[in-house]
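Contents: one structure, followed by commentary.
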Amino acid sequence: PSSSSKGQNSFRPTPEQDQALAYFRTGGSLKINAYAGSGKTSTLQLLAKSTPRRGQYIAFNKSIVTDAREKFPDTVNCATTHSLAFKAIIPRFGGTEKLLGRMNANQLADILGFKRWRVDEKHTLLPRSQGYLVLETIRKFAQSEEPEPTIAHVPRHGSLVAASSETIGVVQDFALKNAKKVWERMQSPDDPIPLGHDGYLKLWALSNPTIMADYILMDEAQ
């Protein structure tokens, strides 16, 4: 579409969209709850086309962002959350390998030197299970708003469902201690443990980033 056609509304706003537009013009924060297929993205386009200010449109899905670039006015930059984070974090690491690398539980267990662990008389954790607990703790932490890993991020391993609270506590302490160590190593440019997509997004979030725009549109915010 041309710049002119991208800046024009091709539909008549509904009363709900008119209400959203009125709130948007006040300059405050606005959350729009809507069912699937009810016009969330078109509503955001309406808001963007109502102002000459510079905007940042953010969505999780790359295909949604690609489609949005054809529909939003040129005053709006469209990107995924991960692409914003990637561009901000990559200068710190000088390349993509650290940011895009992947590591599974077996690989982490090898790096950390985990051995078969008899937690108590009834419960034993193999190195892979230990690696899984550490990686899953980091994943849950990365997807949370917390500044560092906590006990709440440690998952319950299936074999420990009927374990005593003492045994569970020992395993939780182990997973948390190692998760904190691994997270520190993930942040080091010289360490082989990669950040991965969750990691560099979390690192960016922890930096309290400033997005250079007058307003931000977050699509599919859930």
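The values are calculated or read from the model by the stated rules, or taken from the named source; none is laboratory data. Computed from a predicted structure; not experimentally measured. Every residue, glycine among them, receives a Cβ derived from its backbone with ideal geometry; neighbour counts consider all protein chains shown. The protein model used for the area step is the full one, side chains on, heavy atoms only, and it has no ligands, DNA or RNA in it. Shrake-Rupley method; radii C 1.70, N 1.55, O 1.52, S 1.80 Å.
Only Cα pairs within less than 10 Å get springs; with that Gaussian network setup on the chain, which residue of 133, 30, 195 has the largest fluctuation?
30
Please give the charge dipole size of the chain, origin at the Cα centre, charges +1 on K and R Cβ atoms and -1 on D and E Cβ atoms. Round to the nearest 20 debye.
Dipole size: approximately 280 debye.
May I ask you to give the average projected area over all directions of the convex hull of the Cα atoms of segment 1-131, in nm² rounded to one decimal?
Average projection, Cα convex hull of segment 1-131: 13.8 nm².
Roughly what angle does helix 81-93 make with the longest principal axis of the chain, taking Cα atoms, 0 to 90 degrees, to the nearest 10?
Computed tilt is about 60 degrees.
Residue farthest toward the positive end of the dipole of the chain, with Cβ of Lys/Arg at +1 and Asp/Glu at -1: which of 144, 37, 195?
Selected residue: 37.
Using a 1.4 Å probe on the protein heavy atoms, what percent of the accessible area of the chain belongs to carbon and sulfur?
Here carbon and sulfur together make up 50 percent of the probe-accessible area.
Rolling a 1.4 Å sphere over the protein heavy atoms, what is the accessible area per residue of the chain, to the nearest Å²?
Value for the chain: 60 Å² per residue.
I need to check one value: relative contact order of the chain, counting alpha carbon pairs closer than 8 Å and at least 6 residues apart, in percent.
With pairs under 8 Å counted, the relative contact order is 25 percent.
Can you tell me the relative contact order of segment 5-121? Whole percent, Cα pairs under 8 Å, sequence separation 6 or more.
Values: 74 pairs, mean separation 24.5, N = 117.
In percent, rounded to a whole number, it is 21.
Using Cα springs under 10 Å in a Gaussian network model of the chain, which residue among 35, 57, 200 shows the largest mean-square fluctuation?
Result for the chain, Cα springs under 10 Å: 35 fluctuates most.
How much mean residue ellipticity at 222 nm does the chain get from its helices, if each DSSP H run of length 4 or more adds -39500 (n - 2.57) and you divide by all residues, to the nearest 500 deg cm²/dmol?
That comes out to -14000 deg cm²/dmol.
Quick one: Kirkwood hydrodynamic radius for segment 22-97, alpha-carbon pairs, angstrom, one decimal?
14.1
Top mean-square fluctuation among 29, 188, 50, Gaussian network model of the chain, C-alpha springs under 10 Å?
29
For residue 76, list long-range residues whose amide hydrogen, built 1.01 Å from N in the peptide plane, is under 5 Å from its own amide hydrogen.
Placed amide hydrogens put 55 under 5 Å from residue 76.
Rg and Dmax of the chain, using alpha carbons, in Å: what are they?
22.6, 73
Considering segment 121-200, what Rg and Dmax in Å follow from its alpha-carbon atoms?
In Å, with Rg to one decimal and Dmax whole: 13.1, 41.
Please report the spacing between the Cα centers of segment 29-65 and segment 177-222 in Å, no decimals.
If you average the Cα positions of each part, the centres end up 24 Å apart.
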